[in-house]
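The values are calculated or read from the model by the stated rules, or taken from the named source; none is laboratory data. Source: prediction; values computed, not measured. Counting neighbours? That spans all protein chains shown, and the Cβs are built from the backbone with ideal geometry, glycine included. Ligands, DNA and RNA are stripped out before the accessible areas are found, and what is left, the full protein with its side chains, is counted by its heavy atoms. Shrake-Rupley method; radii C 1.70, N 1.55, O 1.52, S 1.80 Å.
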Amino acid sequence: MASINPFEDIILSLPKPEGGEFGKYFSLPALKDSRIDKLPYSIRILLESAIRNCDNFQVTKSDVEKIIDWQNTSPKQVEIPFKPARVLLQDFTGVPAVVDLACMRDAMNRLGGDSNKINPLVPVDLVIDHSVQVDLARSENAVQTNMELEFQRNNERFAFLKWGANAFHNMLVVPPGSGIVHQVNLEYLGRVVFNNAGILYPDSVVGTDSHTTMIDGLGVAGWGVGGIEAEATMLGQPMSMVLPGVVGFKLSGKLCNGVTATDLVLTVTQMLRKHGVVGKFVEFYGEGVGELSLADRATIANMSPEYGATMGFFPVDHVTLQYLKLTGRSHETVTMIEAYLRANKMFVDYNEPQVETVYSSYLELDLSIVEPCISGPKRPHDRVPLKEMKADWHSCLDSKVGFKGFAVQKESQDKVVKFDFHGQPAELKHGSVVIAAITSCTNTSNPSVMLGAALVAKKACELGLEVKPWIKTSLAPGSGVVTKYLLRSGLQQYLNQQGFHIVGYGCTTCIGNSGDLDESVATAISENDIVAAAVLSGNRNFEGRVHPLTRANYLASPPLVVAYALAGTVDIDFEKEPIGTGKDGKSVYFKDIWPSTEEVAEVVQSSVLSDMFKSTYEAITKGNPMWNKLSVPASTLYSWDANSTYIHEPPYFKNMSMSPPGPHAVKNAYCLLNFGDSITTDHISPAGSIHKDSPAAKYLLERGVDRKDFNSYGSRRGNDEIMARGTFANIRLVNKLLNGVVGPKTIHIPTGDTLSVFDAAMRYKADGHETIVLAGAEYGSGSSRDWAAKGPMLLGVKAVIAKSFERIHRSNLVGMGIIPLCFKPGDDADSLGLTGYERYTIDLPSNISSIRPGQDITVVTDNGKSFTCTLRFDTEVELAYFNHGGILPYVSNFNELAKGHYIMPDTQKLHLITQFYMSAFLCFLFFFLFGLVFKRTKIWHLFIFLFHFLIACFEDVFGFN
């Protein structure tokens with residue numbers, strides 16, 4: 001039972017300058033503990049949350065002490081609870097989350113409980129931004145046409161989300177066409193400091209998108225989690241996390257002329273990947289931080305998943321306050337934020353003496369040494385300095401197939417393919433750019449690089465350069481504010497002249513919604529095996545993600561996207577070779593079109609105004625005519641349509657018992673897939689187009705869905721039948737069982753048949769066989785995609801044995817009841833002689849209390865091999881999830897939810913039971929001795945009666961039996 005907060009004595013009033021108070025707050029300085037002064041600012045946010053939520057039940061005083069003693073406890077991998085202030089969703093991951101909530105309500109209703117108890121207990125913001133595709137580009141009508149097609153494809157999904165916004169309390173849905181979730185979060189949703197019923201506390205957020213970290217640039221602690229973990233947070237469960245180490249990243253100096261924030265973040269990403277920051281916070285400090293705009297900071301924070309950190313955090317300072325004012329936050333709100341953070345020692349003032357903060361490890365970068373660069377062709381952290389790009393490209397053509405190789409024969413490298421493009425001659429060769437996209441919140445939230453791109457377009461127009469018409473160019477702003485400042489600056493017209501018309505307000509190309517290439521271009525690429533290139537201002541460039549036909553994908557700043565579009569190829573040395581020929585017949589070089597830092601700053605100063613943010617966000621939740629026309633039922637229970645191919649009732653809660661099933665061992669399992677390193681969530685659960693020959697396509701065709709209406713896997717995440725068929729359906733999947741053949745297939749080992757992964761998995765299930773997956777390092781890197789765990793679970797995968805896991809994906813596997821195991825350092829499938837044709841047995845104790853986080857587990861194969869792995873259940877709470885069969889059954893302990901109780905891990909229950917009975921024994925001993933000494937035997941009967949009464953209350957309140 002929750003008790004009174006033991007820290008109520010440090011609640012203070014925060015006075016307003018003009019009199020009165022902003023509210024009350026839990027004061028860290030009032031603890032009078034010198035250790036707090038040296039804590040990283042990011043850890044102070046965890047500390048404040050623990051103190052404020054401390055009830056010695058969900059959060060205990062010992063949890064608070066662990067965080068205060070962070071310097072000593074974090075190296076020990078101690079576990080702490082954390083209760084974020086809110087949850088952020090986008091529609092691809094938001095739809096399945098709302099589907100699960102609707103399903104929980106149905107199950108509650110079937111069990112006779114109050115289904116309205118299933119409601120978010122913290123604010124939930126859902127931004128619809130992942131559905132718009134670049135169907136039409138290079139047109140003034142692109143925005144309207146693409147939105148109409150978006151609604152045609154997603155009408156059912158959008159209606160479902162609109163129903164959810166009405167049916168569930170505490171849920172805000174931002175309609176399509178408003179912007180990208182992380183930019184909207186930065187410019188509008190981010191509170192920085194909450195004032196909830198007079199209690200002030202720092203904003204913090206977990207989101208079902210890995211780039212939720214962008215908000216860290218605003219001084220708000222935020223990171224990505226799986227959708228299933230987010231659902232538990234919505235329902236009031238504290239997150240169980242390992243208290244992280246914090247890497248202190250000192251910045252000094254300032255960026256040189258012409259160097260962009262994108263160049264900086266690609267440099268930082270490479271440094272941090274090399275340092276190793278998985279599972280850690282990164283906190284930026286030093287005088288160089290003051291030289292970065294808020295938008296530059298947000299760009300760096302955004303790519304935390306690419307450098308592997310949980311967060312890339314910038315504490316609040318004067319630059320933050322200026323940005324809050326610029327983006328339309330009220331004067332009183334900004335005053336309250338500054339007063340609270342100063343009072344609670346969470347504000348950085350570079351004009352005051354700084355107490356030295358202690359970090360787990362340190363890095364330093366002089367901003368002046370950052371140089372223009374891009375990243376690719378297949379991974380975000382493979383940075384290439386611009387001056388070395390041509391040489392690097394030729395090295396990639398020469399090298400064997402891999403992250404930096406395409407294995408193109410020397411005699412074929414200069415091949416030129418000529419074709420007809422709508423009546424005019426066109427040509428492609430290896431390295432030709434066919435997609436150039438200004439996209440992604442990473443960059444579209446930054447006025448400097450957006451206006452810089454527009455200046456490049458202007459200079460090119462004035463010199464007579466023009467992007468070739470067969471290159472698919474697009475501009476997808478992250479909010480309506482971008483359009484307003486581009487129009488005010490007078491520069492949008494030049495972007496239009498180069499084909500960079502606005503195509504919509506959403507993620508588009510960055511998440512694979514690049515739309516089709518012109519048929520003539522697609523044919524020229526596929527029939528001639530051309531290694532075509534995409535250049536985009538995104539944050540992910542994994543193979544197969546941007547477009548199936550672009551094998552080389554490079555991340556670049558928006559100005560560089562325009563420059564490469566003008567050049568028409570990545571096979572160019574910008575320092576030595578001309579981009580093109582001007583209208584005067586002279587060669588035009590990169591330096592001729594590149595704007596100076598001063599030019600960019602001047603146009604930013606005159607064009608980006610506070611009123612633009614105010615007017616944009618005043619209207620953001622009002623929607624648009626298409627959204628407002630959607631009709632949805634008023635019921636709080638969803639009416640499932642059995643014929644729907646978008647929204648389908650999932651199987652997670654059917655036939656669920658109220659007693660946990662307990663741990664499961666794995667017996668004689670077949671290997672479904674055998675992978676190498678860097679298998680991403682895009683490989684496991686693609687978000688892009690549904691291939692015409694895939695099991696998902698077959699399913700849709702059987703139900704009368706035309707191929708043109710397939711939409712994407714991401715848009716159909718509300719239907720488990722399609723997503724199960726889409727699991728491991730990436731056309732670039734490399735499965736060692738296929739001996740080098742690339743594609744979404746595997747070997748059904750008992751028969752030797754080559755089947756789609758889905759068909760093989762269904763055959764194993766039908767025959768009663770369990771399956772496992774073998775993998776290399778960084779398994780599950782990429783987007784925080786819950787279907788990358790839900791899908792394998794539905795296919796019958798019981799365990800994944802890998803060299804290492806990406807943080808969020810490992811958590812998602814645990815959440816779906818799949819056992820994550822890590823090979824011991826130095827071991828992998830190859831070194832152990834595992835081919836994937838063996839059968840695998842993983843013995844686990846049948847009692848959850850006999851399993852420990854991180855313990856060694858022995859795996860035995862049917863051919864006599866035996867090896868030891870580390871069990872990657874990292875916390876006691878994760879063991880509780882496993883004991884219940886996953887996080888969804890755990891949080892769906894409906895008897896407890898109906899009573900409004902916290903659902904405790906079994907280990908915590910055992911601890912409380914032990915405490916109770918020990919206390920009862922001591923009381924009994926006291927009363928026994930008292931009755932014996934004073935000959936008052938009736939008091940024994942009274943005690944026994946009270947003892948039985950307390951036991952009954954204890955079991956009723958906590959559900960113990």
Practice problem: For the range 200-250, state what percent of all Cα-Cα pairs lands in each successive 10 Å bin, counting from 0 Å until the bin that includes the largest distance. | Solution: 22, 50, 25, 2
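Semi-axes of the range 167-300's equivalent ellipsoid from the Cα gyration tensor, sqrt of 5 times each eigenvalue, largest first, rounded to whole Å? Before the final figure, lay out each step's value.
Working: eigenvalues 164, 68, 46 Å².
They are 29, 18, 15 Å, listed from largest to smallest.
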Quiz item: Whose amide H sits under 5 Å from the amide H of Gly279, counting only residues 5 or more places off or on another chain, with H placed in the peptide plane?
Solution: Thr310
Self-check item: the chain, accessible surface, carbon-and-sulfur percent (1.4 angstrom probe)
Solution: 52 percent
Quiz item: From the list (i) 19; (ii) 38; (iii) 10, can you say which value of percent of Cα pairs over 58 Å apart was derived from the structure given?
Solution: (iii)
Quiz prompt | Scattering profile of the range 504-570 at q = 0.16, 0.24, 0.25 Å⁻¹ [log10 I(q)/I(0), Debye over alpha-carbon scatterers] | solution = -0.54, -1.16, -1.23
Quiz item: What is the range 688-846's relative contact order, in percent, from Cα pairs under 8 angstrom and six or more apart in sequence?
Solution: 16 percent
Quiz item: Long-range amide H contacts for Ala665: which residues qualify at under 5 Å (H placed 1.01 Å from N, peptide plane, sequence gap of 5 or more or a different chain)?
Solution: Leu844
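Report Rg(Cα)/(2.2 N^0.38 Å) for the range 689-734, keeping two decimals.
Values: Rg = 9.8 Å, N = 46, 2.2 N^0.38 = 9.4 Å.
Working it through for the range 689-734, the quotient is 1.04.
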Self-check item: Taking the C-alpha atoms of the range 425-464, convex hull volume expressed per residue in Å³
Solution: 97 Å³
Quiz prompt | Alpha-carbon centroid distance for the pair the range 164-189 / the range 741-815, whole angstrom | solution = 33 Å
Self-check item: Average Cα contact separation per residue, the chain, under 8 Å, 6 or more apart, as relative contact order %
Solution: 12 percent
Quiz item: Just for the Cα atoms in the range 95-150, what are the lengths along the principal axes, largest first, rounded to whole Å?
Solution: 56, 23, 13
Quiz item: Counting only Cα, what are the radius of gyration and maximum Cα-Cα distance Dmax of the range 825-870, in Å?
Solution: 12.1, 34
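Would you tally the net charge around Glu466, using a Cβ to Cβ cut-off of less than 14 Å, leaving Glu466 out, and scoring K and R as +1, D and E as -1? Can you show the working numbers first?
Numbers: positive: Arg138, Lys458, Lys459, Lys468, Lys583; negative: Glu462.
Local net charge: +4.
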Quiz item: Simple spin-label model, 7 Å along Cα-to-Cβ: Ser849 to Ala407 in nm?
Solution: 5.5 nm
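Could you list the square roots of 5 times each eigenvalue of the Cα gyration tensor of the range 324-389, that is, the equivalent ellipsoid semi-axes, sorted largest first and rounded to whole Å?
Values for the range 324-389, descending: 37, 20, 12 Å.
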Self-check item: Net charge, Gly506 excluded, C-beta distance under 12 Å - Lys, Arg +1, Asp, Glu -1
Solution: -3
Self-check item: For the chain: accessible area per residue (Å², 1.4 Å)
Solution: 37 Å²
Self-check item: the range 126-184: radius of gyration and largest Cα-Cα distance (Dmax), Å
Solution: 12.7, 42
Exercise. Return the FRET efficiency for the residue pair Asp114, Thr868: r is the Cβ-Cβ distance, R0 is 45 Å, and the value is rounded to the nearest 0.05.
Key: 0.40
Self-check item: Whichever aspartates and glutamates have a C-alpha closer than 17 Å to that of Lys250, once near sequence neighbours (fewer than 8 apart) are set aside
Solution: Asp216, Glu283, Glu287, Glu291, Asp296, Asp317, Asp349, Glu356, Glu364, Asp366
Exercise. Counting residues in the range 448-498 as N, plug N into 2.2 N^0.38 Å and put the Cα Rg over that result.
Key: 1.12
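With r defined as the distance between the Cβ atoms of Lys32 and Glu618 and R0 fixed at 41 Å, what FRET efficiency is calculated, to the nearest 0.05? If you can, show how the numbers build up before the last one.
Details: r = 45 Å, r/R0 = 1.09.
My answer for the efficiency is 0.40.
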Self-check item: Under 9 Å, Cβ to Cβ, from Leu89 - net charge with Lys/Arg +1 and Asp/Glu -1
Solution: -3
Quiz item: In sequence order, what are the phi-derived ³J(HN,Hα) couplings for the range 817-829 according to the Karplus relation 6.51 cos²θ - 1.76 cosθ + 1.60 with θ = phi - 60°, rounded to whole Hz, with x for glycine and proline?
Solution: x, 8, 7, x, 10, 10, 4, 5, x, x, 9, 7, 4
Self-check item: Translational diffusion of the range 647-798, µm² s⁻¹ [Kirkwood Rh, Cα pairs; Stokes-Einstein; 25 °C; 0.890 mPa s]
Solution: 152 µm²/s
Quiz item: What fraction, in whole percent, of alpha-carbon pairs in the range 31-184 exceed 27 Å separation?
Solution: 49 percent
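With only alpha-carbon pairs counted, each pair once and no self-pairs, how large is the Kirkwood hydrodynamic radius of the range 762-864 in angstroms?
Details: mean 1/r = 0.0685 Å⁻¹.
Averaging 1/r across every pair of different Cα atoms and inverting gives 14.6 Å.
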Exercise. Averaging sequence separations of C-alpha pairs under 8 Å and six or more residues apart, then dividing by the length of the range 29-138, give the relative contact order as a whole percent.
Key: 23 percent
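Place the peptides 464-474, 397-407, 804-814 in order of packing, highest mean first, counting for every residue the other Cβ atoms within 10 Å and averaging per peptide. Walk me through the numbers before you get to the answer.
Details: 464-474: 21.2, 397-407: 14.6, 804-814: 26.0.
Packing order, densest peptide first, comes out as 804-814, 464-474, 397-407.
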Exercise. Could you give log10 I(q)/I(0) at q = 0.18, 0.24 Å⁻¹ for the range 555-656, computed by the Debye formula over C-alpha point scatterers of equal weight, without solvent?
Key: -1.01, -1.28
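What is the diffusion coefficient of the range 256-307 in µm²/s, taking the Kirkwood radius over Cα pairs and the Stokes-Einstein relation at 37 °C with a viscosity of 0.692 mPa s? Mind dumping the intermediate values first?
Details: Rh = 11.6 Å.
After rounding, the answer is 282 µm²/s.
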Practice problem: Go through 433-441, 643-651 and give me the packing order, highest mean Cβ count within 10 Å leading. | Solution: 433-441, 643-651
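Could you tell me how many cubic angstrom of Cα convex hull volume the range 350-481 has per residue?
Values: hull volume 28.9 nm³, N = 132.
Convex hull of Cα atoms, per residue: 219 Å³.
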Quiz prompt | Karplus-derived 3J(HN,Hα), 6.51/-1.76/1.60, for each residue of the range 210-227, Hz, glycine and proline x | solution = 4, 8, 3, 4, 4, 5, 4, x, 8, x, 9, 6, x, 7, x, 9, x, x
Quiz prompt | Cross-link reach list, aspartates and glutamates versus Lys458, counting only Cα pairs under 19 Å and skipping chain neighbours closer than eight places | solution = Glu140, Glu466, Asp584, Asp592, Glu598, Glu599, Glu602
Self-check item: Rg(Cα) / (2.2 N^0.38 Å) computed for the range 171-228, rounded to two decimals
Solution: 1.16
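Here is the link list: Lys162/Lys803; Lys378/Lys415; Lys162/Lys765. Which ones come out longer than 31 Å on Cα distance? If you can, show how the numbers build up before the last one.
Values: Lys162/Lys803 42 Å; Lys378/Lys415 22 Å; Lys162/Lys765 37 Å.
Exceeds cut-off: Lys162/Lys803; Lys162/Lys765.
If one computes P(r) from the Cα atoms of the range 260-342, what percent of pairs lie at distances over 19 Å?
44 percent
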Quiz prompt | Sequence-distant lysines (8 or more away, or on other chains) whose Cα lies within less than 18 Å of Lys61 | solution = Lys32, Lys83, Lys909
Quiz item: Could you give me the ³J(HN,Hα) list for the range 381-391, computed from phi with Karplus coefficients 6.51, -1.76, 1.60 and θ = phi - 60°, whole Hz, x at Gly and Pro?
Solution: 8, 8, 6, 10, x, 4, 5, 9, 4, 4, 5
Quiz item: What 222 nm value per residue comes from the helices of the chain, counting each DSSP H run with n ≥ 4 as -39,500 (n - 2.57) and dividing by all residues, nearest 500 deg cm²/dmol?
Solution: -10500 deg cm²/dmol
Quiz item: Want the number for Thr145 to Asn257: 0.36 nm per residue separation, take away the alpha-carbon distance, what's left?
Solution: 36.4 nm
